[in-house]
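Read through the structure below, which is laid out as C-alpha cells, and then see the notes.
The values are calculated or read from the model by the stated rules, or taken from the named source; none is laboratory data. Because the structure is a prediction, the values reported are computed rather than measured. Please note: Cβ atoms are built from the backbone with ideal geometry, for glycine as well, and neighbour counts cover all protein chains shown. Note: areas computed on protein heavy atoms with side chains; ligands, DNA, RNA excluded. Shrake-Rupley method; radii C 1.70, N 1.55, O 1.52, S 1.80 Å.
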Amino acid sequence: MKTSAGDIQFFNTLTREKEKFVPLEKGKAKMYTCGPTVYDFAHIGNFRAFLFEDLLRRWLEYRGFKVTQVMNLTDVDDRTIDAARKLGIPLEQHTAQFIQAFFEDINALNIEKAEHYPRATEHVPEMVALIKKLVEKGYAYRGEDGSIYYDISKFKDYGKLSKFKVTELKAGARVKVDEYEKAEARDFALWKAWDEGDGEVFWETDIGKGRPGWHIECSAMSMKYLGETLDVHTGGVDNMFPHHENEIAQSEAATGKKFVNYWLHNEHLLVEGKRMGKRFGNYYTLRDLIKLGYDPKAVRYLLLSTHYSQQFNFTFEGLEAAKNAIERLTNFMYRLLEADGKGGGEKIAALMNRVEKEFGEAMDDDLNISLALASLFEFVREVNSLLGNNMLSKEEARGVHSLMVGFDRVLGVVGEVQGEEKLPKEAEELIHRREEARRAKDWKTADQIRQQLAVMGIIIEDTPQGLKWRIEKGQNV
RNA sequence: GCUGGGGUGGCCGAACGGUUCAGGCGGCGGCCUGCAGAGCCGCUGUAUGUGGGUUCAAUUCCCAUCCCCAGCUCCA
C-alpha cells in the first residue's frame with residue numbers, strides 16, 4: 001500500500017490540466033496563499049478560500065511534506081484606506097482590529113497557522129526595490145500623475161494564466177479608462193502617487209511619495225519568504241485575473257524565472273444561488289453564524305466537504321447536516337475509547353488498510369474530499385457494526401482510534417476526544433441516584449435525573465454494557 | 001460579446017464507457033432499549049436538464065438545445 005508522497009495530483013490553472021505534484025525541493029512544499037484584506041470582518045466566502053488552503057496544507061503534511069506557507073495580510077489598499085478615512089481613524093488602528101479578528105476566526109475554524117503572515121505595510125522597501133528593478137528593465141514607466149505603471153505589452157506571456165488575449169482586453173467595453181492616467185488602459189499601477197484621497201497614508205521613497213499598488217505586495221513578499229520560484233500559489237477564482245496575472249507579469253519580468261509551478265484556484269461560495277460578496281450585502285461572517293448558535297467546526301466541515309473547484313451554495317440546512325455528520329464521527333471516537341470486546345482479527349485490519357488506501361488515493365487526486373469522506377464514513381459504519389457486536393478488542397480499538405486521529409489531522413473537525421474526563425461531584429451523586437431509581441424501576445425519577453444532567457451538559461446513555469456518560473462540548477455556543 | 005464552471009434521488013454531493021450510479025443529511029420501518037440516545041439493518045417507487053448521435057454498452061464520448069453561476073482592472 002502506498003502511503004508515501006509522490007502521487008499527489010493538482011489541477012493546475014496554468015495548464016488547465018491535472019498534474020503530478022513535483023516540488024522544487026524534495027520533501028518540501030512552498031506555498032503562497034492569498035490572505036485577507038483587513039478592512040472588515042472576513043465572511044464565510046473568504047473563509048472557504050482559507051479553509052481550502054488549510055486542507056491543502058494539511059494534506060501535504062499528511063503526505064510527509066515540510067510545508068512553508070506564506071499568507072499575506074493586505075493592510076493598505078483602496079478599501080482599507082477608505083474604511084479608515086470614513087471612521088476618521090489612522091489606517092493602522094483600523095486594520096489592527098480586523099487582523100486580530102481574522103486570527104480569532106481562523107483559530108475558531110481550526111485553521112493551521114502559516115509560517116509567515118507578512119503585512120504589506122511592513123514590506124514597502126521590498127516592493128519599492130522590485131518596482132525599481134522593473135523600471136530599470138523597461139517593464140514599467142511613470143505616468144503623468146507620477147504613478148508607476150506596468151506596461152503589459154512588454155511582457156510576452158501576459159494572459160497566460162487567465163487565457164485572456166491582451167488585444168481583446170484593450171477593446172473591452174468595461175475597461176475604465178478614466179480611472180487612472182495610463183498610457184494604455186490595460187496597464188496597471190505598481191506604485192500610486194499620493195493624492196488627497198490617501199490622507200496620511202503614504203511612504204516617502206526613492207520612487208516618490210505614495211503607496212504600493214495592490215499586486216506588487218504578493219510578488220515582493222513571496223520572493224522574500226519563498227524565493228523567486230515557488231511550488232504552489234492559491235486564491236479565489238476572482239483573483240486569477242487581474243491579480244495573479246499581474247503577479248506573474250511582475251515577478252517573471254523581474255527575475256526572468258518562472259514564478260509559480262502550480263496555481264490552484266477555489267471557486268466561490270454562493271448564498272441562495274447568488275455569489276456571496278460584500279458588495280452584494282448577502283454575506284455572513286463567522287461571527288454571525290456563531291451568534292446563531294452554530295459550531296465553527298460545522299462551518300469548517302460544510303465548507304470543506306465540497307471540492308474546492310466547485311461553486312458551493314451555502315444553506316442553513318447544509319450547516320445542520322454538517323453538524324450531524326461531525327457528531328457521527330465524534331460519537332464513533334467515543335465508542336472506540338470504550339471498546340473492550342473479543343477482537344475482530346483479520347477483518348478490522350483489512351478495513352483499516354482499505355480506508356487508509358482509499359482516503360489517501362482520493363485526497364491525492366486533487367483533494368477529492370467527497371470521495372475521501374465517503375470511504376471514511378463507510379469505514380465508520382463497518383467498524384460501528386463490529387463494535388455493536390462487541391467484536392473489537394481494546395487494542396484494536398486503540399489502533400482505529402489513532403488512525404482516525406490521523407484523518408482528523410487532515411479534516412480538523414473532531415478534535416480532542418478525551419476518555420478520562422472528570423465528572424463534577426454532584427453529577428456523580430445524581431448518576432448514582434438514577435441508577436438506584438432504575439433498579440427500582442422508578443422510571444419517572446430516572447428520567448428526571450437524566451434531564452437534570454442534560455441541563456448540566458452531561459449526556460447519559462444506557463447501554464448493554466452499563467451506563468455511559470460524556471460531557472457535551474460547546475455548551476457555551 | 002469574450003473566457004470559464006455547472007445542471008445527478010427530498011436536500012447536499014461523488015463516479016465519468018460496463019459489476020446494484022459512492023457517501024453524508026433528512027424521512028419512514030425494524031432490531032436493541034423501561035423510555036430515550038447511540039449504533040446496526042432495510043426502505044426512500046424508473047436520480048443523471050432536454051433532443052439526437054456514436055457504441056454490444058453512455059450519467060460518462062460527440063452534436064444540438066435550454067437553464068444556472070462566475071470572470072472580464074483592485075471582490076476569496
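Just checking: which of the helices (runs of 4 or more DSSP H) contained wholly in region A:377-477 hold 1 or more residues that are within 35 Å of the chain's Cα centre (by Cα), over 30 Å from A:Ile348 (Cα atoms) and not assigned by TED's automatic domain parsing to the domain that holds A:Asp340? By residue number, A:443-455.
From A:Lys192, A:Lys257, A:Lys224, grab the single residue that is in contact (Cβ under 8 Å) with a residue 24 or more places away in the chain, open to solvent by 20 Å² or more (accessible area, probe 1.4 Å), within 22 Å of A:Ile152 (Cα to Cα) and more than 16 Å from RNA strand B (Cβ to nearest atom).
On the way: A:Lys192 fails: more than 16 Å from RNA strand B (Cβ to nearest atom); A:Lys224 fails: within 22 Å of A:Ile152 (Cα to Cα).
One residue alone meets the criteria, A:Lys257.
Scanning region A:225-259 for residues that are in contact with a Leu (Cβ under 8 Å, 6 or more places away or on another chain) and assigned to a helix (DSSP H, G or I), we see that the one that is nearest to A:Thr306 (Cα to Cα) is A:Met240. None of A:Leu329, A:Leu289 is over 27 Å from A:Val400 (Cβ atoms), in a helix (DSSP H, G or I), among the hydrophobic types (A, V, I, L, M, F, W, C) and open to solvent by less than 30 Å² (accessible area, probe 1.4 Å) except A:Leu289. Filter region A:332-365 for residues that are near RNA strand B (Cβ under 8 Å from one of its atoms) and not aromatic (Phe, Trp, Tyr); which is farthest from A:Val405 (Cα to Cα)? Filtering first and then ranking leaves A:Asp365. Looking at (1) buried (at least 20 other Cβ atoms within 10 Å of the Cβ); (2) within 18 Å of the chain's Cα centre (by Cα), find the lone condition where A:His116 falls short. Going through (1) buried (at least 20 other Cβ atoms within 10 Å of the Cβ); (2) within 18 Å of the chain's Cα centre (by Cα) one by one, A:His116 breaks only (1).
Taking the listed residues A:Lys357, A:Lys323, the one that is in contact (Cβ under 8 Å) with a residue 60 or more places away in the chain, part of a helix (DSSP H, G or I) and within 28 Å of A:Leu109 (Cα to Cα) is A:Lys357, with no other qualifying. Within region A:303-320, the set of residues being part of a helix (DSSP H, G or I) and more than 8 Å from RNA strand B (Cβ to nearest atom) comprises A:Leu303, A:Leu304, A:Phe316, A:Leu319.
The residues of region A:130-142 that are crowded, with 18+ Cβ neighbours inside 10 Å and outside any helix (DSSP H, G or I), listed by number, are A:Tyr139, A:Ala140. When region A:373-386 is filtered for residues that are within 6 Å of RNA strand B (Cβ to nearest atom) and more than 21 Å from A:Ser305 (Cβ to Cβ), only A:Ser385 remains. So which residues in region A:276-302 are near RNA strand B (Cβ under 10 Å from one of its atoms) and of a type outside the set (Ser, Thr, Tyr)? Matches in region A:276-302: A:Met276, A:Gly277, A:Lys278, A:Arg279, A:Phe280, A:Asn282, A:Leu302.
Only one of these is open to solvent by less than 20 Å² (accessible area, probe 1.4 Å) and either within 16 Å of RNA strand B (Cβ to nearest atom) or in contact with a strand residue (DSSP E or B) (Cβ under 7 Å, 6 or more places away or on another chain) (or both): A:Ser219, A:Ser251. Name it.
On the way: A:Ser251 fails: either within 16 Å of RNA strand B (Cβ to nearest atom) or in contact with a strand residue (DSSP E or B) (Cβ under 7 Å, 6 or more places away or on another chain) (or both).
One residue alone meets the criteria, A:Ser219.
Of the residues making up region A:403-448, those that are at pLDDT 95 or above and more than 16 Å from RNA strand B (Cβ to nearest atom) are A:Leu403, A:Val405, A:Gly406, A:Arg409, A:Gly412.
Can you pull out every residue in region A:83-100 that is of a type in the set (D, E, K, R) and free of Cβ contacts under 8 Å to residues at least 60 places away in the same chain? Of everything in region A:83-100, those that are of a type in the set (D, E, K, R) and free of Cβ contacts under 8 Å to residues at least 60 places away in the same chain turn out to be A:Lys86, A:Glu92. For region A:260-272, check the following and say yes or no: at least one residue is at pLDDT below 95 and assigned to a helix (DSSP H, G or I). Scanning region A:260-272 turns up no residue that is at pLDDT below 95 and assigned to a helix (DSSP H, G or I). Residues that are at pLDDT below 95 and among the β-branched types (Val, Ile, Thr) were ranked within region A:35-73; the one that is surrounded by the most Cβ atoms within 10 Å (Cβ to Cβ) is A:Val38.
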